[in-house]
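Trainee: Provided herewith is a single structure, encoded as structure tokens, for subsequent inquiry.
The values are calculated or read from the model by the stated rules, or taken from the named source; none is laboratory data. Everything numeric in this text was worked out from a predicted model, so none of it was measured. Cβ placement follows ideal geometry from the backbone for every residue including glycine, while neighbour counts extend to all protein chains displayed. For the accessible areas, the whole protein counts, side chains as well, though only heavy atoms, and no ligand, DNA or RNA atoms are used. Shrake-Rupley method; radii C 1.70, N 1.55, O 1.52, S 1.80 Å.
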Amino acid sequence: MASFPDSVNENDLGKAKFIGELLVPVAPFDQKSGREAWTVAFAPNGSYFAWSQGHRIVRLIPWTKCLNSFSVDHGEEDTNALSPRHLSRQSSNGGQVVPAADQPPEHTIDCGDIVWGLAFGSSVPEKHSRCVNIEWHRFKFGQDQLLLATGLNNGRIKIWDVYTGKLLLNLMDHTDVVRDLTFAPDGSLMLVSASRDKTLRVWDLKDDGNMVKVLRGHQNWVYCSSFSPDSSILCSVGAGKSERCADILSSWCKPWTHSAQCPKAWPGAAWHPDLQGHSVFLWNMDKFTLIRKLEGHHHDVVSCEFSPDGALLATASYDTRVIVWDHHKATILLELGHLFPPPSPIFAGGANDRWVRSVSFCPDGRHIASVTDDRLVRFWSIEERAPLAIASVSNGLCCAFSAQGSVLAAGTRDGSVHFWECPRSIASLQHMCRMALRRVMSTQQVEALAIPALLCDYLTYKVI
């Protein structure tokens, strides 16, 4: 088994430029579980970077401070490139760090329990709460309001003011780990939480954190959720049914209970692909109803994200693949493999060392990053089936692009975060026009246009 197809020489692949890392203080009791950086996040306006650095702690750091720390060595500024630097957090173990006069404050937040999910949310005053009958609210969110939501191991969600580090809301309704959080991009402060209690819950923070809807349908843990850029669609992904191949094979073996030909000793006693159920759900967030389910993965689906124009959806799974979908038509446009030759469904549904942990779409709409258990970060182009560049990372768990798409951050099991410069290229005018069109038109609407077939295929991403 290999990480790349025979046609690709790993030595010929580009190497992503490592620019720095954020380290965590190490203590003797920290060597085991509890230190994982399950989530990293960039503020939508690019002002802050946050990560769960292990145990109960979340770090909030001004993004410009990170870049300056990576770029400056002994007072000499490197203006041409971001040089590798180590920004240790050992000197700021708690409380608020006093910033320079023109720099936003840095915070260390003790959330009270292990932090699994993080999400930034910003307010647009024109976006009113859906709860129109309430005339008085405890919080009045202004134009410059920036919030951080944290999902905890005990099922609680805590909402923090990023600029002050103060706790604003404590949301309690989930009965198990809150694995992921996502804000609607439209500035409405609508928050969706994904939990191991098999539900998604929709919260209206402009209505003082009122829970407005519970979305049910997943038959097992919900790992991740993501809004489309226009906030009209939510994708949620999770684990399949818990029935195992060993159980199924045992039932098949009953006629041969005492026979050496009994097949229950077959390898790969893992999830049976035909019995997992659907793991990718699409929801209408205006009506809070299920639109459709996407079929194609053979194992738990653990990460998802829409492209910036909303035309594509990327999902990552333990079946060693990232799938790029046209979610409007429930069709697979591209499969990005991480194990070759591609595993059979029964092997893809079992234990392997190529589980894809996270996927992220670059803001340029042309690149995707994935983190896998083979200790690699891969940078992909939507126009290629082989990675553009790779980078080494041990025990990577999550990844996210910066707001401008120039840097990728990846969190690891030891609580640290690694940063790489993303592959750069100038987007074609055709691609920019395609993105502008697809922001306002679905695949069905594009196909209804009186345009040549080749142009239609390009606009609907069928040529990738």
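Trainee: Sort through A400, A450, A386, A436 and tell me the only one that's at pLDDT below 95 and either polar (S, T, N, Q) or open to solvent by 10 Å² or more (accessible area, probe 1.4 Å) (or both).
Mentor: Result: A386 is the single residue among A400, A450, A386, A436 that is at pLDDT below 95 and either polar (S, T, N, Q) or open to solvent by 10 Å² or more (accessible area, probe 1.4 Å) (or both).
Trainee: Next up: Among the residues in the range 300-309, are any modelled with pLDDT of 95 or more, among the charged types (D, E, K, R) and open to solvent by 60 Å² or more (accessible area, probe 1.4 Å)?
Mentor: No, every residue in the range 300-309 fails to be modelled with pLDDT of 95 or more, among the charged types (D, E, K, R) and open to solvent by 60 Å² or more (accessible area, probe 1.4 Å).
Trainee: While we're on this one: Of all residues being among the small types (G, A, S) and without any contact (Cβ under 8 Å) to a residue 60 or more places away in the chain in the range 344-383, which is surrounded by the most Cβ atoms within 10 Å (Cβ to Cβ)? Just the residue, please.
Mentor: Here the answer is A369.
Trainee: Is it true that some residue in the range 182-205 is under 19 Å from L234 (Cβ atoms) and part of a helix (DSSP H, G or I)?
Mentor: yes
Trainee: Here's a follow-up. So, in the range 310-329, how many residues would count as being closer than 18 Å to G240 by Cβ and either open to solvent by 30 Å² or more (accessible area, probe 1.4 Å) or touching an Asp or Glu at 6+ places or on another chain (Cβ under 6 Å) (or both)?
Mentor: Adding up the residues that qualify gives 3.
Trainee: Among the residues of the range 219-231, how many are part of a loop (DSSP other than H, G, I, E, B), closer than 24 Å to C398 by Cβ and within 18 Å of the chain's Cα centre (by Cα)?
Mentor: Summing the residues that are part of a loop (DSSP other than H, G, I, E, B), closer than 24 Å to C398 by Cβ and within 18 Å of the chain's Cα centre (by Cα) in the range 219-231 gives 4.
Trainee: Next question, about the same structure. Would you point out the residue of the range 3-23, among those that are surrounded by 12 or more Cβ atoms within 10 Å (Cβ to Cβ) and over 25 Å from the mean Cα position of the chain (by Cα), that is farthest from P341 (Cα to Cα)?
Mentor: Only one residue fits best here, namely V8.
Residue by residue, here is whether (1) basic (K, R); (2) open to solvent by 60 Å² or more (accessible area, probe 1.4 Å) holds:
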position	(1), (2)
G155	no, no
T164	no, yes
L168	no, no
D173	no, yes
T182	no, no
M190	no, no
S193	no, no
R201	yes, no
V214	no, no
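Trainee: Among the residues in the range 334-342, are any of a type outside the set (S, T, Y), within 25 Å of S228 (Cα to Cα), without any contact (Cβ under 8 Å) to a residue 40 or more places away in the chain and open to solvent by less than 60 Å² (accessible area, probe 1.4 Å)?
Mentor: Checked against the condition, which is being of a type outside the set (S, T, Y), within 25 Å of S228 (Cα to Cα), without any contact (Cβ under 8 Å) to a residue 40 or more places away in the chain and open to solvent by less than 60 Å² (accessible area, probe 1.4 Å), the range 334-342 yields no hits at all.
Trainee: Under 6 Å by Cβ, and 6 or more places apart or on different chains, what pairs join a residue from the range 181-199 that is within 17 Å of F281 (Cβ to Cβ) with one that is acidic (D, E)?
Mentor: Correct list of pairs: A194/D180; S195/D176; R196/D176; D197/D176.
Trainee: So H218 fits all but one of (1) out of contact with any strand residue (DSSP E or B) (no Cβ under 6 Å at 6 or more places or on another chain); (2) more than 18 Å from I114 (Cα to Cα); what number is the exception?
Mentor: Every condition holds for H218 apart from (1).
Trainee: Out of (1) surrounded by 18 or more Cβ atoms within 10 Å (Cβ to Cβ); (2) in contact with a His (Cβ under 9 Å, 6 or more places away or on another chain); (3) outside any strand (DSSP E or B), what's the single condition that is false for G411?
Mentor: Evaluating G411 over (1) surrounded by 18 or more Cβ atoms within 10 Å (Cβ to Cβ); (2) in contact with a His (Cβ under 9 Å, 6 or more places away or on another chain); (3) outside any strand (DSSP E or B) leaves (3) as the failure.
Trainee: A403 fails exactly one of the following numbered conditions: (1) within 15 Å of the chain's Cα centre (by Cα); (2) part of a strand (DSSP E or B). What is the number of that condition?
Mentor: Condition (2) is where A403 drops out.
Trainee: Regarding the range 360-372, can at least one residue be identified that is within 19 Å of the chain's Cα centre (by Cα), more than 19 Å from L312 (Cα to Cα) and modelled with pLDDT under 95?
Mentor: The answer is no; no qualifying residue exists.
Trainee: Filter the range 422-433 for residues that are open to solvent by 30 Å² or more (accessible area, probe 1.4 Å) and either among the β-branched types (V, I, T) or out of contact with any Phe, Trp or Tyr (no Cβ under 8 Å at 6 or more places or on another chain) (or both) and give the result.
Mentor: Answer for the range 422-433, where residues must be open to solvent by 30 Å² or more (accessible area, probe 1.4 Å) and either among the β-branched types (V, I, T) or out of contact with any Phe, Trp or Tyr (no Cβ under 8 Å at 6 or more places or on another chain) (or both): R424, S425, I426, A427, S428, L429, M432, C433.
Trainee: I'm trying to understand the selection: among the residues of the range 453-464, which are open to solvent by less than 80 Å² (accessible area, probe 1.4 Å) and in contact (Cβ under 8 Å) with a residue 60 or more places away in the chain?
Mentor: Correct list: T460, Y461, I464.
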